[in-house]
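Visitor: Sharing a structure below in structure tokens format, with a few things to ask.
The values are calculated or read from the model by the stated rules, or taken from the named source; none is laboratory data. Note that the structure is predicted; figures quoted are calculated from it, not measured. Methodologically, a virtual Cβ is constructed for each residue, glycine included, from the backbone with ideal geometry; neighbour enumeration extends over all protein chains shown. Just so you know, the surface numbers come from the protein's heavy atoms only, side chains and all, with ligands and any DNA or RNA stripped out. Shrake-Rupley method; radii C 1.70, N 1.55, O 1.52, S 1.80 Å.
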Amino acid sequence: MNAVYDTLHRYVDEGRVPGVVGLVARGADVRVVTAGSVDTEGTAPLARDSLFRIASITKPITAAAVLMLVEEGRLALDAPVEQWLPELSKPSVVRAPDAPVEDVVPAARPVTVEDLLSSRTGWGFPDDFSLPAVQALFAVQRDGRALQDWPDPDTWLGLLAQVPMVRHPGEAWLYGTSSDLQGILVARASGVTFPEFLAERIFEPLGMKDTAFEVPAAKRHRFTSSYTPSTDGSLTLSDTPDGQWSRLPRFHSGGGGLVSTADDWLSFARMLLNGGESGGHRLLSPASVRRMTTNHLTPGQRAGSTLFLEGQGWGYGGQVDVTRADPWNVPGRYGWVGGTGTTAHIDPSTGTVAVLLTQVGMESPTPTPLMRDFWRSGAGG
């Protein structure tokens with residue numbers, strides 16, 4: 001961990017991030033490095049239990065929730081989602097990816113639960129953001145760091161249904177939208193709200209006591225501020241502990257709405273590494289965990305998503321490494337990155353969990369230099 005320690009402290013000392021928490025666990029051996037402060041003012045030092053907006057490393061947790069309902073028979077992987085999401089019963093698709101949004105045809109087949117899990121729904125973001133259908137999607141699929149401005153899930157779903165798909169269901173991996181649809185699906189199939197389902201079925205059994213869609217007043221002294229980087233290297237404040245996460249939002253984003261800690265995500269990761277069981281609680285079967293952490297994309301689908309995946313694959317809710325493009329890309333490594341400056345991965349071959357939490361947002365879908373240096377320094381697998 002000396003290299004991890006040196007790397008994280010260097011980024012803080014250079015002023016590139018106000019603070020950082022890095023966790024690397026191999027079996028019972030858990031090493032944690034904390035550096036810097038909860039904000040740029042140095043109000044308080046970061047601690048192991050500091051709270052962060054974890055953004056898209058929410059996605060694996062959401063996928064696990066869907067698979068729990070599949071195991072219970074409330075959902076089926078091959079079932080059309082229109083059974084639970086009737087707003088999506090007659091989707092249209094642009095005739096060609098670069099066609100105007102008015103030039104549409106009916107979807108070739110219904111969207112299935114498995115399409116949502118593998119992010120091949122037909123809605124979402126490809127490498128080319130300039131496509132007309134993608135530009136129309138931006139009006140609905142808003143920045144996940146402004147969730148208090150999103151409408152309620154029913155309204156949001158109605159708005160999405162009016163946007164044509166950029167590809168037919170199952171054809172292409174497209175980022176983002178599928179995970180938010182999964183959260184709505186869990187709520188409708190289970191009969192309870194998505195926050196209630198996660199709390200009762202995942203967070204409480206795993207002891208994830210700090211993971212939620214809001215931060216109560218009693219915990220806000222542990223909550224970090226959030227920043228957006230500028231081209232000149234400065235940081236612009238985007239949210240404070242008393243800001244967006246001080247109350248439950250109307251929209252419970254399965255794609256990026258959770259706040260958590262390094263140890264809470266470690267608890268979730270250990271459940272996956274242990275085949276779906278933790279502390280006497282079985283959340284998932286080993287078969288479901290294997291499906292979740294196995295690549296489901298074809299070579300062509302991977303090649304069409306280089307901006308986000310960099311040639312790697314996708315399981316359910318997270319990337320699965322299939323090639324050794326970089327030293328940290330160990331085949332079978334599963335996890336993802338978050339736009340607020342977070343990463344979390346497991347490597348089943350070594351039993352390693354690596355979690356990195358910062359307060360500085362990503363400038364693009366490409367992992368930041370800090371993320372890459374964290375993985376390179378010994379947290380990559």
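Visitor: Ignoring ligands, DNA and RNA, what accessible area per residue does region 149-238 give at 1.4 Å, in Å²? Each step should come with its number before you reach the end.
Guide: Working: 3480 Å² over 90 residues.
Ligands and nucleic acids excluded, the result is 39 Å² per residue.
Visitor: Highest GNM mean-square fluctuation, the chain, Cα pairs closer than 10 Å: which of 39, 98, 210?
Guide: 98
Visitor: Taking the Cα centre as origin and putting +1 on Lys and Arg beta-carbons and -1 on Asp and Glu beta-carbons, what dipole magnitude results for the chain, to the nearest 20 debye?
Guide: In total the dipole reaches around 700 debye.
Visitor: Given a 1.4 Å probe and every protein chain left where it sits, what share in percent of the accessible area of the chain is carbon and sulfur?
Guide: Answer for the chain is 51 percent, counting heavy atoms of protein chains only.
Visitor: Taking residue 219 as the anchor, which lysines have their alpha carbon closer than 24 Å to its alpha carbon, excluding any fewer than eight residues away along the same chain?
Guide: Correct list for residue 219: 59, 209.
Visitor: For the Cα atoms of the chain, what angle does the longest principal axis make with the long axis of helix 59-71, in degrees from 0 to 90, nearest 10?
Guide: Result, in degrees: 50.
Visitor: Note the listed values [x] 20.7; [y] 24.6; [z] 25.3, then indicate which one is Kirkwood radius over Cα pairs in Å calculated from this particular structure.
Guide: So the structure-derived entry is [x].
Visitor: Now for a separate question. Please list, in order along region 9-23, the HN-Hα scalar couplings obtained from phi with the Karplus expression 6.51 cos²θ - 1.76 cosθ + 1.60 (θ = phi - 60°), rounded to whole Hz, x for Gly and Pro.
Guide: 5, 5, 5, 5, 4, 7, x, 7, 9, x, x, 7, 10, x, 10
Visitor: Using modelled backbone amide H atoms (1.01 Å from N, in-plane), which distant-in-sequence or interchain residues come within less than 5 Å of residue 352's amide H?
Guide: Residues meeting the amide H criterion: 347.
Visitor: As a check on your grasp of the helix formula, calculate [θ] at 222 nm for the chain: sum -39500 (n - 2.57) over DSSP H runs of n ≥ 4, divide by the residue count, round to the nearest 500.
Guide: Numbers: 12 runs with 99 residues, N = 381.
It lands at -7000 deg cm²/dmol.
Visitor: Sticking with this structure for a sec: Using θ = phi - 60° and the Karplus relation 6.51 cos²θ - 1.76 cosθ + 1.60, list the HN-Hα couplings for region 255-266 in order, rounded to whole Hz, with x at every Gly or Pro.
Guide: Calculated HN-Hα couplings, in order: x, x, x, 8, 10, 7, 10, 4, 6, 5, 5, 4 Hz.
Visitor: Report, in debye and to the nearest 20, how large the dipole of region 1-111 comes out about its Cα centre when Lys and Arg carry +1 and Asp and Glu carry -1 on their Cβ.
Guide: My answer is approximately 240 debye.
Visitor: For region 283-300, take each phi angle, set θ = phi - 60°, evaluate the Karplus expression 6.51 cos²θ - 1.76 cosθ + 1.60, and give the result in whole Hz per residue in order, putting x for glycine and proline.
Guide: 9, 9, 7, x, 5, 5, 4, 4, 5, 5, 10, 10, 5, 10, 8, 7, x, x
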